[in-house]
Amino acid sequence: MKETIFEKNLKAMEKWYPDFADLIRQKKYKEDDTKVWTEQSQDGEVIFCIEREGKKLYLGGKRNAKKSVELWQERLGKIHKYAPVFLFGIGSGAYLKSMIQNSPKEANIVVCEPSVMIFLTALKEIDLSKEIQDRPIAFIVEGLNGTEFIPVMQALLTLETLEFFVEEVHPNYKIAFPEQLREQIKQLTRYSDGFFVSFHTRRLLQEHAAQNVLYNLPHVAEGYHTMQLSKVIPYKGAAVLVSAGPSLNKNIEELRRAKNHLFLIAVDTAVKPLLKQGIVPDVFITLDGRKPLDLLEGAQYLPVVSNTVARYELLDRQKGKKIFFFDGYQLPQELYFQNGKVLPRVAIGGSVACSGFSLLYKMGFETVILVGQDLAYTDNKSHADGTFQEKMPQENTEHMIRVRGNYQDTVPTLTNLKIYLDWFEDYIKGAKERGNFRVINAPETLLLS
């Protein structure tokens with residue numbers, strides 16, 4: 001029996017994103033009300049026609065479809081080797097094919113499709129198998145995996161790649177999907193605001209970044225990645241993300257009871273006070289290229305989840321398993337790519353807790369309990385006692401901005417913490433739209449969605 005175009009495309013996807021292909025096969029998507037059918041342009045090309053809210057639109061040239069793509073590609077020009085490329089709309093696949101054929105393999109192409117019906121029609125009608133199999137093309141489809149837009153955007157838009165960033169909207173998508181595009185532009189704007197925080201941090205750490213990435217390459221080659229972790233940890237039940245906010249000290253007994261019953265992941269700064277109380281997390285996560293080693297004294301045998309730019313001296317002394325994810329640095333990703341593999345992405349929201357939260361969601365946990373995720377100066381303190389000092393000092397918070405709290409009308413916080421709060425609210429909102437997902441916020445922390 002002849003293999004269908006649909007099956008050829010899914011098989012090609014399996015090389016890079018097997019879980020994504022499984023979602024499609026298992027029909028784990030939410031259909032929208034877009035009507036889609038194919039027609040033939042006057043020059044013999046397959047074109048897509050859609051109907052939305054009573055409006056009929058052609059997604060591409062009705063007469064000379066091939067020429068339209070050629071002119072578009074000419075305007076687009078040369079794409080840089082490591083450019084992050086966002087194409088909003090797959091249409092009939094002609095623009096995507098042209099982009100792939102006219103860009104280097106190292107360029108990271110992301111296709112954002114606001115209609116799962118258009119996407120499924122493209123997979124069934126257009127043979128994209130060669131292009132998909134040739135390189136990892138990321139597909140973000142509303143109704144299927146739309147929550148990945150922000151994490152992917154944050155992973156690809158780095159200091160090294162931002163100047164090469166390419167954003168293109170498929171013809172007629174602005175007319176057909178104005179609200180969806182407007183929302184994604186809003187998210188891009190929010191991210192650009194947050195990027196200033198990470199920009200200054202990255203600039204401060206740049207001297208250490210190159211050294212850390214190079215020295216960590218042997219660990220990346222010999223270690224594990226986060227997708228392997230997700231396959232060995234049962235995701236039924238709840239997981240606990242332990243951060244180092246001031247409220248951590250008030251939740252120690254709850255954590256003691258949760259140990260051995262729930263999966264516990266701690267941010268690096270929270271490890272020291274946990275170990276002092278005899279609470280050993282299942283794994284800890286680190287990002288900081290200059291993390292003080294004394295904050296993790298006694299944690300040498302714990303498994304660590306890390307980006308590739310984390311402090312190499314810390315990873316050198318770790319005896320436990322080292323588990324990595326893609327953080328935007330191309331060299332480790334290239335190492336995986338040359339071996340026909342993909343280093344999985346975990347969201348970089350500016351703080352280590354953002355990445356820990358994204359990891360738990362990607363692992364499949366439907367309930368995540370946040371402990372110590374204050375994102376504010378609870379009791380006028382920056383961190384929990386036992387982190388940087390045995391007794392953290394109270395600070396003057398008069399100059400700080402105020403945000404709403406769980407048990408107080410407002411609480412003091414810093415601008416960067418407010419950006420992290422916005423990130424959490426956006427991520428939680430997207431996760432809930434995707435399916436069953438619940439966040440339980442321990443007392444004394446900020447009110448999240």
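Read-outs: derived from the displayed coordinates by stated rules, not from any lab. On a predicted model such as this, the values are computed, not experimentally measured, just so you know. Note: ideal-geometry Cβ built from the backbone for every residue, glycine included; neighbour counts use all protein chains shown.
Quick look at the values:
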item: Order of 388, 424 - criterion: other Cβ atoms within 10 Å of each residue's Cβ, fewest first; result: 388, 424
item: [x] -0.44, -1.00, -1.14; [y] -0.38, -0.90, -1.04; [z] -0.63, -0.96, -1.04, with the label sought being that of the calculated log10 I(q)/I(0) by the Debye sum over Cα atoms at q = 0.07, 0.11, 0.12 Å⁻¹; result: [y]
item: Percent antiparallel among DSSP beta bridges (both partners in the chain, rounded to 5); result: 30
item: Antiparallel bridge percentage (DSSP; both residues within the stretch 304-438; nearest 5); result: 45
item: Net charge dipole size for the chain [Lys, Arg +1 and Asp, Glu -1 on Cβ; Debye, nearest 20]; result: 680
item: Neighbour-count order for 163, 313, 125, 131, fewest beta carbons within 10 angstrom listed first; result: 163, 313, 125, 131
item: Considering only the stretch 5-176, percent of DSSP beta bridges that pair antiparallel, nearest 5; result: 45
item: Student exercise, the stretch 5-176 dipole from Lys, Arg, Asp, Glu Cβ charges, in Debye to nearest 20; result: 340
item: Cβ charges +1 (Lys, Arg) and -1 (Asp, Glu), total dipole of the stretch 258-405, debye; result: 360
item: Percentage relative contact order, the stretch 8-147, counting C-alpha pairs under 8 Å, at least six apart; result: 28
item: Loop-resident sites, the stretch 16-65, for GluC sites (Glu not before Pro), counting at most 14 other Cβ within 10 Å (DSSP); result: 31, 53
item: Sorted by Cβ neighbour density within 10 Å, fewest at the top, the residues 261, 170, 225; result: 261, 225, 170
item: Sites matching chymotrypsin sites (Phe, Trp or Tyr not before Pro) across the stretch 255-321 that sit in DSSP coil, with at most 16 neighbouring C-beta atoms within 10 Å; result: 301
item: Segment residue 49-residue 254, length gained on full extension (0.36 nm per residue, minus Cα span); result: 68.2 nm
item: Sequence-distant lysines (8 or more away, or on other chains) whose Cα lies within less than 19 Å of residue 250; result: 259, 272, 276, 381, 391
item: Low-density loop cleavage sites - GluC sites (Glu not before Pro) in the stretch 317-394, where at most 12 other Cβ are within 10 Å (DSSP); result: 390
item: Positive dipole terminus of the chain, leading residue within 344, 419, 162 (C-beta point charges); result: 344
item: Farthest toward positive dipole pole in the stretch 223-441 [+1 Lys/Arg, -1 Asp/Glu at C-beta], among 396, 296, 229; result: 229
